[in-house]
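Bear in mind that the values in this text are calculations on the coordinates, not laboratory data. Keep in mind that this is a model prediction, so the values were computed, not measured. All Cβ positions, even for glycine, are placed from backbone atoms using ideal geometry, and neighbour counts span all protein chains on display.
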Amino acid sequence: GAALLLAGCGSGQIGDTGSGQTDPNNKNLALITGMRGEPFYVSIECAAQQEASAQGYQLNSQAPEKFEQAEQSQILGGIVSTKPGAVIIAPTDDKALAAPLQQAKSNGIQVVEVDTALEDRSISVTSLSSDNYAGGRLAAQTLAQLVGDKPGSVLALNTKAGTSTTDARAKGFEEEIAKHPNLKLLPTQYTENEAATAAQIVSATLAANPDLVGVFGTNLNTGEGAATALFNAGKSGQVQLVGFDASPKQVDDLRNGRVQALIAQDPGKIGQEGVKRAIAAIKGQPVERETKTEMIAITKDNIDQQAQYFYKAHC
Ligand code: T6T
C-alpha cells in the first residue's frame, strides 16, 4: 500500500516511474543535439524546426555547450519536467544517457534517437543515423585510393570513447584498412572531440612517423584539427586526409587542398524524419525501429555537384 502510494506521487524525481502513457494530443516536442552551434547539429535543428512548424508542433531545441554527457543529462532532466510528448536526442554517451532516458520514457515521453544511439536498444522507439560502420569503410576505401600503392602509416582520430557513431566509423575504417597490406594502421587516438587536440596529435604523429601517408578524421572537429596540423607542417596533399562531415570550413578545406575527401552525412533528412517519427510515436502509430540515412564521398572532382550535402552554420 504505502510503497504504491509513494510511487504515485511526485513528478520527475528519481524513482518516479510515471504513468508511462503518452498523451496522443501532446503537441510539444524537444530536441537535444550533442553540441550547440555545430553545423552537423545545426542542420538537424533547422530541418526539425521546419518539419515541426509545418505539422503544427512546438519544438524546444537545446544542446550542451560541449559534446558532454553530464551537461546533456542535466538538460534532459529539465526537459522531462516540461513533459513533452517526445524527446528527439543525440545521446553523447552510449551508456551514461541510458538512465535519464529510461526515466523520460517512464514518464510517458517517447524517445527518438538521432545520429548517436544508446547501446540499450529498448529505450528509444526508433533510431535514425548514417550507417557509420559503412561510412568508416568508405573512408578507408577512399583513403587507400588516394594513397595508391605507396607504403606507409595511417592514423585514425576518434572523438570520445562511448560515442556510438565515431566508434563505429573507427571500427569500419580499421577493418577495411587491414585489407590493404601497404598501409600500416597506427593505434587509434582520441581527441575528446577538440580540434586543437586533434591538431596536436597529428603534429606529434608526423614527428614520430615520417612515413605517415594518410589520416582519417572520424568527425568534423577531428578533421578540421587534422587539416590545420597538416597545413602548418607543409604536408597538405602529401599526407592524404579524409574527413567525415561537411561543415563550411571542411568544404573550404576541400576546395583549397587541405583535405582530399569528405564523407558527408544527411543531417537535414535525419532532422526532418526524426520529427515525423516523434509525432507518429506520440500518436501511437508504428515507426520503423532503425533507419540508415545516406552518405556520400565528396572529393575535389565532384564537389560542385554535391552542394546539397553541405552543412549549415545557421538556419
Ligand atoms: O559527426 C557528427 C555526428 O555524426 C557525430 O555523432 C558527432 O560529431 C558530429 O556531430 C560532428 O561534429
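Numbers at a glance
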| quantity | calculated |
| --- | --- |
| Calculated P(r) tail over 15 Å for the stretch 139-224, as whole % of Cα pairs | 53 percent |
| Set 184/300; 235/269; 95/300; 27/292; 160/283; 184/269 screened for pairs whose C-alpha atoms are more than 32 Å apart | 235/269; 95/300; 160/283; 184/269 |
| Cβ crowding within 10 Å averaged over residues, with 44-53, 300-309, 72-81, 261-270 ranked highest first | 261-270, 44-53, 72-81, 300-309 |
| Order by protection proxy (mean Cβ within 10 Å, highest first), peptides 188-200, 82-94, 58-70 | 82-94, 188-200, 58-70 |
| Distance between modelled label sites at residue 314 and residue 134, nm, 7 Å Cα→Cβ extension | 3.6 nm |
| Sequence ranges 176-186, 150-160, ranked by mean other-Cβ count within 10 angstrom, highest first | 150-160, 176-186 |
| Distance between the stretch 242-268 and the stretch 156-223 - C-alpha centres, whole angstrom | 16 Å |
| The chain: angle of helix 164-177 to the longest principal axis, Cα-based, in degrees nearest 10 | 30 degrees |
| Structure-based [θ]222 nm, the chain - -39500 (n - 2.57) summed over DSSP H runs of at least 4, per residue, nearest 500 | -12500 deg cm²/dmol |
| Cα gyration tensor, the stretch 72-143 - rounded (a/c under 1.5), prolate or oblate | prolate |
| D (Stokes-Einstein, µm²/s), Kirkwood Cα radius, the stretch 159-278, 1.002 mPa s at 20 °C | 143 µm²/s |
| Taking the C-alpha atoms of the chain, convex hull volume expressed per residue in Å³ | 125 Å³ |
| Residue 121-residue 285 FRET efficiency (beta carbon distance; Förster radius 30 Å; 0.05 resolution) | 0.90 |
| Beta bridges per DSSP with both ends in the chain, % antiparallel, nearest 5 | 10 percent |
| DSSP-assigned coil residues among GluC sites (Glu not before Pro) in the stretch 262-315, each with at most 12 further Cβ atoms within 10 Å | 288, 294 |
